[in-house]
Amino acid sequence: MRRFMKIAFYGTKPYDKIWFEPMGKEYGFDIHFIEAACNRETVFMAKGHDAICIFVNDYVDAEMIDALYEMKVKAILLRSAGFNNVDVKAAEDKIVVLRVPSYSPEAVAEFAMALLLTVNRLTHKAYNRTREFNMSLNGLMGTDLYEKTVGVIGTGKIGQAMIRIFNGFQTHVLCYDPFPVEGLEAEYVSLDELFKSSDIISLHCPLTSDTRHLINKDTIAKMKNGVYLVNTSRGALINTEDLIDAMLEGKFGGVGLDVYEEEEGVFYEDKSGDIMVDDNLARLMTLPNALVTSHMGFFTKEAMQAIARTTLENAYALENGLPLVNRVGIEMVQA
Ligand code: NAD
């Protein structure tokens, strides 16, 4: 008789259950929904499960890999495309790591554009004003996107969706990627050229040792004054302190951040009753041209459904000895 695969589902939010609960039953999996994030303190909860399922602000380091291996956990099922939060090298011969490489690139790209339009046209401020019957326009002037030069860093699935959106606004699209793709309606240029020429820069590359703090005081110095910056990729692409310093000097027209380098343990949680001890995050919130959202670019019905489907298909493939097409291998993290 088939033994149901047991999955410890870390970091459960009510919206995860909407799809994972019924679909899990469809596949016959025994999913144990755990509210706690996966970290060194909670890894013991994986005991008795065949797999753990984690999201972007959970992590699994080398020490935890050893603990999971001892507990006979066979797989780490990532509910995300990015895998910078798992020590893939440590996992290589011990535990299979599976991810969701693509669910809805449009969801993230559309959100990046929403962030840009908001910091530029200040609809979030207008909304608050008109609710108080303050109909003044003082301080709400934006700029046209039409015919501006935009720079897209990383031309993978989300970067390409962003290029399509930018073309809809009739901008001139520059892009940079160490692995260029043919046939895009955008002009590949060097990173320096992109920094120098762009009125708007949107980040769509993964977080790797090469891209950590890609945006720092030196690269910011190369950018135009009044540049707009949008980051929906990973927080540590930006050196936050350098960004804040430059914002205080008035370098940026606007900055939209859906991700933040110290977001773990803060994003996805209601911290409204707590004292904010992260000075950089608190500082960002005080800057009138910064908009921070809580890593929600992926958060559409379509994307959530696709994430659940692929995560469970990955588990099904593992259980049934099928090809593991979404495996994260050591070759993907070696420079
Ligand atoms: P992808 O793998 O399809 O594309 C990433 C691209 O970045 C590739 O073309 C790759 O060649 C390029 N790249 C690698 N190193 C680079 C470098 N040094 N400089 C410039 N480009 C480089 O990934 P994707 O699906 O487009 O996702 C991009 C990123 O978006 C993910 O890594 C993840 O961090 C982030 N993401 C965020 C959300 C969210 O909710 N905000 C959701 C999904 C993904």
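Over all directions, how big on average is the projection of the convex hull of the alpha-carbon atoms in the chain, in square nanometres?
Computing the convex hull of the Cα atoms and averaging its projections yields 18.8 nm².
Please give the contour-minus-distance gain from SER190 to LYS217: 0.36 nm per residue of separation, less the Cα-Cα distance, rounded to one decimal in nm. Before the final figure, lay out each step's value.
Values: separation 27, 0.36 × 27 = 9.72 nm, distance 1.83 nm.
Taking SER190 through LYS217 to full extension adds about 7.9 nm, to one decimal.
For a test of the definition: using alpha carbon positions, the gyration tensor, and the 1.5 limit on a/c, classify the stretch 73-200 as rounded, prolate or oblate.
Details: a/c = 3.00, a/b = 1.55, b/c = 1.93.
Verdict is oblate for the stretch 73-200.
Using θ = phi - 60° and the Karplus curve 6.51 cos²θ - 1.76 cosθ + 1.60, what whole-Hz ³J(HN,Hα) does each residue of the stretch 192-203 get, with Gly and Pro shown as x?
Residue by residue, the stretch 192-203 yields 4, 4, 4, 4, 6, 9, 7, 7, 9, 10, 10, 9 Hz.
If you build the Cα gyration tensor of the stretch 185-292 and take the root of 5 times each eigenvalue, what three semi-axes come out, in whole angstrom, biggest first?
Gyration-tensor ellipsoid for the stretch 185-292: 25, 16, 12 Å.
Go through the stretch 127-141 residue by residue and turn each phi into a ³J(HN,Hα) via Karplus (6.51, -1.76, 1.60, θ = phi - 60°); whole Hz please, and just put x for glycine and proline.
4, 5, 5, 5, 5, 9, 6, 8, 9, 6, 9, 4, x, 10, 6
Work out from phi, with θ = phi - 60° and the Karplus expression 6.51 cos²θ - 1.76 cosθ + 1.60, the ³J(HN,Hα) of each residue of the stretch 291-298, listed in order in whole Hz, and give x for Gly and Pro.
With the stated coefficients, the stretch 291-298 comes to 10, 10, 10, 9, 6, 10, x, 6 Hz.
Suppose R0 equals 56 Å. What FRET efficiency, 1/(1 + (r/R0)^6) with r the Cβ-Cβ distance, do ARG164 and PHE44 give to the nearest 0.05?
The value I calculate is 0.75.
Reachable aspartates and glutamates from LYS222, Cα under 20 Å, same-chain residues fewer than 8 places away excluded?
List returned: ASP177, GLU187, ASP192, GLU193, ASP199, ASP210, GLU241, ASP242, ASP245, GLU249.
For a quick protection proxy, order the peptides 160-171, 253-264, 31-42 by their average other-Cβ count within 10 Å, most packed first.
So the order, starting with the most tightly packed, is 253-264, 160-171, 31-42.
What FRET efficiency, computed as 1/(1 + (r/R0)^6) with R0 = 41 Å and r the Cβ-Cβ distance, is obtained for ALA62 and THR123, rounded to the nearest 0.05?
The computed FRET efficiency comes out at 0.35.
How long is the gain from ILE330 to ASP210 if the chain were fully straight, where each residue apart is worth 0.36 nm and the alpha carbon distance is subtracted?
41.6 nm
Can you give the extra length, in nm with one decimal, that the chain gains between LYS271 and THR149 once fully stretched, where that is 0.36 nm per residue apart less the Cα-Cα distance?
Working: separation 122, 0.36 × 122 = 43.92 nm, distance 3.77 nm.
That works out to 40.1 nm of additional length.
Could you sort out which of LYS6/LYS89; LYS157/LYS224; LYS17/LYS89; LYS157/LYS251; LYS47/LYS94 sit more than 22 Å apart by Cα distance in this structure?
With Cα atoms farther than 22 Å apart: LYS6/LYS89; LYS157/LYS224; LYS17/LYS89; LYS157/LYS251.
Mark the label point 7 Å from the Cα of GLN305 along Cα→Cβ and return the residues of the stretch 313-333 whose backbone N is within less than 19 Å of it.
Within reach of a label on GLN305, which here means backbone N under 19 Å from a point 7 Å along Cα→Cβ, the stretch 313-333 contributes 313-314.
Under 5 Å between amide hydrogens, which residues at least 5 positions from THR12 or on another chain qualify, with H placed 1.01 Å from N in the peptide plane?
Amide H to amide H, under 5 Å and 5 or more residues apart or across chains, THR12 pairs with ILE34, GLU35, ALA36.
Suppose R0 equals 30 Å; then what is the FRET efficiency for LYS13 and ASN138 from their Cβ-Cβ distance, rounded to the nearest 0.05?
Computed FRET efficiency for LYS13 and ASN138: 0.15.
Once you keep just the Cα pairs under 8 angstrom separated by 6 or more residues, what percentage relative contact order results for the chain?
For the chain, the relative contact order is 17 percent.
No lab work stands behind these numbers, since they all come straight from the coordinates. Every value quoted in this text rests on a predicted model; they were computed, and no experiment measured them. For neighbour counting, all protein chains shown are included, and Cβ atoms are generated from backbone atoms with ideal geometry for every residue, glycine included.
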